[in-house]
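Data block below; observations after.
The values are calculated or read from the model by the stated rules, or taken from the named source; none is laboratory data. The structure presented is a predicted model; accordingly, all values stated were derived computationally and were not measured. Virtual Cβ from ideal backbone geometry, glycine too; neighbours counted across all protein chains shown. Note: areas computed on protein heavy atoms with side chains; ligands, DNA, RNA excluded. Shrake-Rupley method; radii C 1.70, N 1.55, O 1.52, S 1.80 Å.
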Amino acid sequence: MYKTTGLTHLIKATGYSLKGLKFAIRHETAFRHELLCCIFLVPLAFWLGDNGAEIALLLGSLLLVLALELINSAIESVVDRVGLEHHELSGRAKDLGSAAVFVAMVAVAVVWGCIIFY
């Protein structure tokens with residue numbers, strides 16, 4: 001099997017990414033909730049931000065939550081693929097993924113709070 005390069009690689013990679021997004025929207029409740037929040041917060045970011053840097057920070061913090069939620073879902077899928085029985089390391093992996101999403105949500109609160117109140 002050969003490895004694709006150039007435009008072919010870009011097209012295939014984009015397809016895989018869209019497939020992952022479609023799966024997350026259909027099957028990942030937390031991702032859908034966060035996406036719903038973004039539907040309301042993205043327009044608000046353009047209204048609240050005074051300049052391009054502020055708008056980028058507001059939007060970037062939201063995108064970070066979505067990206068980490070996708071990674072968390074990937075971790076959970078791999079852990080579940082390995083085995084559904086309870087194992088301390090499996091639980092730890094899932095908890096750490098969840099903690100990453102939580103930290104990103106705290107970052108959203110900090111960024112949005114700083115821009116709104118300062």
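Inter-part distance, segment 1-78 to segment 92-118, computed on C-alpha centroids, equals 16 Å. Of the listed residues Val108, Val82, the order by accessible area with a 1.4 Å probe, largest first, is Val82, Val108. Compare Leu48, Leu35, Leu62 in a GNM of the chain, Cα atoms joined below 10 Å, and give the one with the largest fluctuation. Highest fluctuation among the options: Leu48. Using 0.36 nm per residue and subtracting the Cα-Cα separation, the extra length available between Leu84 and Ile71 on full extension is 2.8 nm.
Start at zero, step by 5 Å, and the Cα-Cα distances of the chain spread as 2, 10, 16, 16, 15, 15, 12, 8, 4, 1, 0, 0 percent across the bins.
Measuring r between the beta carbons of Thr8 and Val110 and using R0 = 41 Å, the FRET efficiency lands at 0.50.
What's the long-distance tail for segment 17-71, i.e. % of Cα pairs beyond 17 Å?
Numbers: 594 of 1485 pairs.
Here the tail beyond 17 Å accounts for 40 percent of pairs.
Taken about its Cα centre, the chain carries a charge dipole of about 540 debye when Lys and Arg each add +1 at the Cβ and Asp and Glu each add -1 at the Cβ.
Counting only heavy atoms of the protein chains, get the accessible area per residue of segment 29-117 (1.4 Å probe) and round it to a whole Å² value.
64 Å²
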